[in-house]
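Read through the structure below, which is laid out as structure tokens, and then see the notes.
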Amino acid sequence: MGADIREGTTTRRVRVFTRLSALAIAAVLAAGVLPWAWPPMVAVAASPFVMIASCVALRAAGVAVLVGFPVLMLALRRPRWFCRWACPVGIMEEALGRLRPSAATRFVKWPPGGRWIALLTLGGAAAGYPLLVWLDPLAMLSGLVGAWRWPLTLTSVVAAVGLPAVLVFSILFPHAWCTRVCPLGAMQDLLAWPRQWLRRRAEGTSPSKHDVARLACPAVVERPQHSPRLDEPAVPRPSFTLARRTLLAAGLGGACGVAVRAVHGGAAPPLRPPGAIDEARFTGVCVRCGNCVRACPSRIIRPDLGGHGLAGLLAPELAFEENYCHEDCRACTEVCPSGAISRLTLEEKRRFVIGLARVDPATCILVKGEECSVCTRACSYDAISTPRAADASAMEPRVDPAKCIGCGACEVLCPTAPEKAIRVLRGGSP
């Protein structure tokens, strides 16, 4: 008995050490303090939930798969190994759960919310719009770490509320997030199902009728044998089977994905970072990790606070208020973990159309007869010219749609105020 206790204690200490190390590594990667552009992508791309949902939605596999694939393969072999040994959010959830040990088992009869989130997201991904991929805990951790940059703004604070909300939830309902709500944990359960099914077939056993009605739902919550208290996170022993509810959840997710894409297809989208996929999929595939916001040296990328609909809440948008998208920069295209922003070379980035500059003659001081050539000189793509107006009475800036990519240089430098005479827009008229 004494040997078992010592062995259990040693294993628990090793597990705590590895998870604390994972937390420190994830924070450093997400903070963007390393001298390379790609590390912030790694912190989120390690999630099999993000990797599978984005690959299904995009029908393609990007560079980020190289990070998530090894984690996925280990999850196939060892159910929830990532949760127990490497999840940086799990160690925080476990520590906070100890504040209310008397409430540690109140969630045992809760329905498997994480399973529904995962299946709804996968069903939506099959329709091109993964509904809830932004609930991934690694994405929320990245959003929190990246929000604390100077100057601190209301927008950055709002973008960071996801993980704090999870941690407060963990105090109120200890261990419930990891075992009942987290979609990353539920995805690992789903990945482990085929191997467990094959093992049962080899052993000549079959699931009970009670098991048939459950998928990825914990049948037993184990207490550590080496301790009489629940001093470790609850570890579910999953019992898997294909059930009608699985198809229902995936089908419902697919239907919602189709509906959301249809709504986005008819709406005027905001300006998105260069490399962004089509708007009908962008707000679904984007995990709101904040990597592109932090990576942008011009600070023109910011989270959308809902000005373009609830579906786009906290997704990145461009604002040319103080700077523009420099032609020699592609930082945001190198840090996206989900593929919502494609990786571009500099040549591809210089051809990627963000939007189109549009001139308001009623505001332009050149049209009014004053001297001004700011927009013409600011344009690096020779997309703006100043021919005479139709009545030959004044000069009037004209934008060549074949050359303009919507970098925003003309808008930010336009001297008119408070309304700019030239603005970059997308999908609509001024």
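Gyration tensor over the Cα atoms of the range 353-430: the corresponding equivalent ellipsoid has semi-axes (square roots of 5 times the eigenvalues, largest first) of 19, 13, 12 Å.
Short-range pairs are left out: with C-alpha atoms under 8 Å and at least six residues apart, the relative contact order of the range 353-430 is 44 percent.
Taken one residue at a time, the phi angles of the range 369-375 give Karplus couplings (6.51, -1.76, 1.60, θ = phi - 60°) of x, 8, 6, 6, 9, 4, 5 Hz. Gly and Pro are set to x.
With neighbour counts taken as other beta-carbon atoms within 10 Å, the residues Asp136, Asp382 rank, fewest first, as Asp382, Asp136. Computed packing ranks the peptides 293-306, 120-133 as 120-133, 293-306, most packed first, by mean other Cβ atoms within 10 Å.
Residues whose amide H falls under 5 Å from that of Val424, counting only those 5 or more places apart or on a different chain, are Arg358, with hydrogens built in the peptide plane.
The H on the amide N of Ala276, modeled in the peptide plane, is under 5 Å from the matching H of Ser342, each at least 5 residues off or on a different chain.
Rounded to the nearest Hz, the phi-derived 3J(HN,Hα) couplings of the range 325-341 under the Karplus curve 6.51 cos²θ - 1.76 cosθ + 1.60 (θ = phi - 60°) are 7, 5, 5, 9, 10, 9, 4, 5, 6, 9, 10, 6, x, 10, x, 4, 10, where x marks glycine and proline. When the chymotrypsin sites (Phe, Trp or Tyr not before Pro) in the range 96-166 are filtered for DSSP coil states and for at most 11 other beta-carbon atoms within 10 Å of their beta-carbon, the remaining sites are Trp148.
Each value in this text was obtained by applying a stated rule to the coordinates, not by laboratory testing. Just so we're clear, the structure is a prediction, and the values are computed from it rather than from any experiment. Positions of Cβ are backbone-derived with ideal geometry, glycine not excepted, and every protein chain shown enters the neighbour counts.
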